[in-house]
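**Student:** The following block contains the structure, expressed as structure tokens.
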Amino acid sequence: MYRFLAVVYGFGVVMACNPSPEFVVTGIVAGADGQTVYLENVSLSSVVTLDSARLNTSGKFVFKHPRPDYPDFYHLRLNNQLINFAVDSTETLTFTADAGTFATSYTVEGSDAATAFKEVTLAQLDANQAIKRLRKEYETGIISDTLYQRQVLNVVNAYKEIALKYIYAQPMSTVSYFALFQQIDGLMFFDLYDKSDSRAYGAVATSYNHFYPESPRARHLYNLALQSLKVLRSERAIDLDKIAREVSLLDVELPNLQGEKIKLSDVARDKAVVLNFTVYQSEWSAELNTALNRMYVNYHAQGVEIYQVSLDGDTHLWKNIVSDLPWTCVHDPQSVYSQAAALYNVKQLPAIFILNKSGNLVKRVDDINSLEREVQAVL
């Protein structure tokens, strides 16, 4: 069971004591004469505009809104720039910013958590800029597929280093929740199916379930943490016994060598499937395919299939290699920008998943040497 502090950033007892019926967000934005600043609520499924103010030369604004029943997330928006914050026990937040650097150089008073939000937001923005630079280098041929993947992983880890200092020290805080769910282009920094990252989900989920068991965010986190545990078959004792939910197949549909679109769900019908995201133009590809072939020969007759997704930028190379492979090989033309890979939160290649005969995702294989043992377990 995870241990956590009793009170962080005004959570717990403070919030329950004589709460004000509304929270106040006030501030000054310099150089924003004639522009509009918006207060928006960021829910689990949508962003809703709550209020707006057209700024004059003074740049002053004041927003008042009913306090949420549970800690919730908001941002101030000026054009396309955002300042993220949460409302928990804080009654008044005061922001000072400049229109040109609204999202990065602001100051905030009235909440220690809002200052932590700024640090996490800047780390996310830094990661975003670094990945944009890497993409440009990849697209112009300066770096290879595998080097691109490796350097992106380094960027992700740099962000996680900052996020984790909040997640493990203060798992019940809003900044921990916020840090856990940051992403770039739909790809989460924290991988639900990674053993280490699963601990981060579990820590925040356990804390939210303890402090706010009726909160929609607590239930959402609880479900994700259970999903992660089911896939990883973790033995870590986390109190997730109230929910029993299977992990459904996340379908992929991509073209094979003949240009026919093949669905993962069709290959997986009444079969156990090894789903592999790979790059053939890599130093480890031959060894990986040798291990996959050995497993395929040994277990194909027992109902095991392989659905292998190539993220190679060189289509000609892919076609030459897969023409000799006996299993289902498809190619994602989006290459390293693959939405299919993002669906499975793939950050590092190769990535191998096992689906059982019911179509449920049951395992992520980190060690190719354990592949046959893991396949046996689902038969």
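**Student:** Kindly work out what percent of the DSSP beta bridges joining two residues of the chain are antiparallel, to the nearest 5.
**Tutor:** Around 70 percent of the beta bridges assigned by DSSP in the chain are antiparallel ones.
**Student:** Using a simple charge model, +1 on the beta-carbon of Lys and Arg, -1 on the beta-carbon of Asp and Glu, nothing else, what dipole does the chain show about its Cα centre, in debye to the nearest 20?
**Tutor:** Result for the chain is approximately 380 debye, rounded to the nearest 20.
**Student:** Now for a separate question. Which percent of the accessible area of the chain is formed by carbon and sulfur heavy atoms (probe 1.4 angstrom)?
**Tutor:** Carbon-and-sulfur percentage of accessible area, whole number: 48.
**Student:** Just to check I understand the Karplus step: with θ = phi - 60° and J = 6.51 cos²θ - 1.76 cosθ + 1.60, what whole-Hz values come out for region 338-349, glycine and proline as x?
**Tutor:** Those phi angles translate into 3, 6, 5, 5, 5, 4, 9, 6, 7, 10, 9, 10 Hz.
**Student:** Is the chain best put as rounded, prolate or oblate by its Cα gyration tensor, with a ≥ b ≥ c the root eigenvalues, rounded for a/c under 1.5, and otherwise prolate when a/b is larger than b/c, oblate when not?
**Tutor:** prolate
**Student:** Mind pulling the angle between the C-alpha long axis of helix 145-167 and the longest principal axis of the chain? Nearest 10 degrees, somewhere in 0 to 90.
**Tutor:** Tilt of helix 145-167: around 40 degrees.
**Student:** Sticking with this structure for a sec: If r is the Cβ-Cβ distance from Gln35 to Gln183 and R0 is 35 Å, what FRET efficiency results, to the nearest 0.05?
**Tutor:** Once the sixth-power term is evaluated, E becomes 0.80.
**Student:** Can you tell me the orientation of helix 285-299 relative to the chain, as the angle in degrees between its alpha-carbon axis and the longest Cα principal axis, to the nearest 10?
**Tutor:** 70 degrees
**Student:** With a cut-off of 8 Å between alpha carbons and a minimum separation of six or more residues, what is the relative contact order of region 74-145 in percent?
**Tutor:** Normalised by residue count, the contact order of region 74-145 is 22 percent.
**Student:** Kindly express, to the nearest 10 degrees and within the range 0 to 90, the angle between helix 195-211's C-alpha long axis and the longest C-alpha principal axis of the chain.
**Tutor:** Long axis of 195-211 versus the principal axis of the chain: about 40 degrees.
**Student:** Going 7 Å from the Cα of Gln334 along its beta-carbon direction, which residues of region 288-326 have the amide nitrogen within less than 15 Å of the resulting point?
**Tutor:** Taking a point 7 Å out along Cα→Cβ of Gln334, the residues of region 288-326 whose backbone N falls under 15 Å are 309-313.
**Student:** Is the shape of region 255-379 rounded, prolate or oblate, going by the alpha carbon gyration tensor and its root eigenvalues a ≥ b ≥ c, with a/c under 1.5 for rounded and a/b larger than b/c for prolate? Before the final figure, lay out the partial values.
**Tutor:** Details: a/c = 1.42, a/b = 1.38, b/c = 1.03.
Rounded, because the longest to shortest axis ratio a/c is under 1.5.
**Student:** Charges on Cβ only, +1 for Lys and Arg, -1 for Asp and Glu, centred on the Cα centroid of region 27-164; of Tyr70, Asn128, Ser43, which one is farthest towards the dipole's positive end?
**Tutor:** With unit charges placed on the Cβ atoms, the residue in question is Asn128.
**Student:** Let me ask something else. Give me the 1.4 Å probe accessible area per residue for region 68-161, excluding ligands and nucleic acids, in Å².
**Tutor:** Heavy-atom SASA per residue in region 68-161 reads 46 Å².
**Student:** Amide H to amide H under 5 Å from Ile184: which residues, 5+ apart in sequence or cross-chain, H placed 1.01 Å off N in plane?
**Tutor:** When sequence neighbours closer than 5 places are left aside, the close amide H contacts are Phe189.
**Student:** Between Lys263 and residues 5 or more places away or on another chain, which pairs have amide H atoms under 5 Å apart, with H built 1.01 Å from N, and which residues are they?
**Tutor:** Excluding prolines and chain starts, which carry no amide H, there are no hits.
**Student:** How many nm is it between the label spots at Glu91 and Leu153, if each spot is 7 Å from the Cα in line with the beta carbon?
**Tutor:** Taking the simple label geometry, Glu91 and Leu153 are separated by 5.1 nm.
**Student:** I want to make sure I understand the PRE zone here: with the label point 7 angstrom from the Cα of Leu257 toward its beta carbon, which residues in region 302-341 have backbone N atoms less than 16 Å away?
**Tutor:** 306-310, 315-332
**Student:** Can you work out the accessible area per residue across region 295-379, with the rest of the protein chains kept in place, probe 1.4 Å, in square angstrom?
**Tutor:** Spelled out: the 1.4 Å probe surface of region 295-379, per residue, equals 41 Å².
**Student:** Let me ask something additional. Of Lys319/Lys347; Lys195/Lys271; Lys64/Lys165; Lys195/Lys319; Lys271/Lys319; Lys195/Lys261, which pairs sit farther than 30 Å apart, going by alpha carbon to alpha carbon?
**Tutor:** Table pairs above 30 Å Cα-Cα are Lys64/Lys165; Lys195/Lys319; Lys195/Lys261.
The values are calculated or read from the model by the stated rules, or taken from the named source; none is laboratory data. Not measured: the values here are computed from a predicted model. Here the Cβ is made from the backbone with ideal geometry for all residues, glycine too, and neighbour counts use every protein chain on show. Please note that ligands, DNA and RNA were not included when accessible areas were found on the heavy atoms of the full protein model with its side chains. Shrake-Rupley method; radii C 1.70, N 1.55, O 1.52, S 1.80 Å.
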